[in-house]
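What follows is a set of notes on a single structure, which appears directly below.
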Amino acid sequence: MSKSIGNGVQFLNRHLSSKLFQDKESLYPLLNFLKAHNYKGTTMMLNDRIQSLRGLQSALRKAEEYLVSIPEDTPSSEFNHRFQELGLEKGWGDTAKRVHDTIHLLLDLLEAPDPASLEKFLGTIPMMFNVVILSPHGYFAQSNVLGYPDTGGQVVYILDQVRALENEMLLRIKQQGLDITPK
């Protein structure tokens, strides 16, 4: 239907939510994803100390309890070791406030799942570290131009977009408390 055009992500999110949140046992794929999530062998989000949904909720509540007792601007590097003992790895945020907000999102999702919470939580998980951009500008809708120089405007536009994307990726990765340089 024409009214659905442009809403594909929302549709997929609702579909995933309906499959994921049928009962408490159906949340295990989310737990397994968070445990398996890594970048170049570096574990992110959860480590092997968390083996069940009950264990995850318990660790999240302990972490939340700790986070409300420290200043919001405390860097996550100051409590990463403590969180590793609970089963939580890097990737939750760069400050106590951001980590608390992400943990609170997941707790809400585990206790009362809904598509909006799932979308918001998945949006906080660092997942994109490499991007390939292919720009065919100047090669379509013209004949016999292969090898001729471009006016420069299209290429400059793409390069500006690439810089903006890189800056956004760097900011999001930093906000998640990770020391990764995207490519």
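The values are calculated or read from the model by the stated rules, or taken from the named source; none is laboratory data. All values derive from a computational prediction rather than experimental measurement. Methodologically, a virtual Cβ is constructed for each residue, glycine included, from the backbone with ideal geometry; neighbour enumeration extends over all protein chains shown. Just the protein is used for accessible areas: all its heavy atoms, side chains included, with ligands, DNA and RNA removed. Shrake-Rupley method; radii C 1.70, N 1.55, O 1.52, S 1.80 Å.
So which of Lys62/Lys120; Lys97/Lys183; Lys19/Lys183; Lys62/Lys97; Lys19/Lys97; Lys3/Lys183 end up more than 25 Å apart, counting from Cα to Cα? Pairs exceeding the cut-off: Lys97/Lys183; Lys19/Lys183; Lys19/Lys97; Lys3/Lys183. Computed over protein heavy atoms with a 1.4 Å probe, the accessible surface of the chain works out to 65 Å² per residue. Which residues in region 44-65 have a backbone N closer than 12 Å to a point placed 7 Å from the Cα of Thr74 along the Cα-to-Cβ line? It comes to 63-65, nothing else. A Förster distance of 45 Å, applied to the separation of the beta-carbon atoms of Asp101 and Val155, puts the FRET efficiency at 0.70.
The spacing between region 150-183 and region 3-74, judged by their C-alpha centroids, is 27 Å. Only helices enter this figure: runs of n ≥ 4 DSSP H residues, each worth -39500 (n - 2.57), summed and divided by the residues of the chain, yield -16000 deg cm²/dmol at 222 nm to the nearest 500. Of the accessible area of the chain, computed with a 1.4 Å probe over protein heavy atoms only, carbon and sulfur atoms account for 55 percent.
Here percent of Cα pairs over 20 Å apart was calculated from the structure, and among [x] 54; [y] 60; [z] 63 it sits at label [z].
Seen from Asn7, the other residues with C-beta closer than 15 Å to its C-beta sum to a net charge of +1, counting Lys and Arg as +1 and Asp and Glu as -1.
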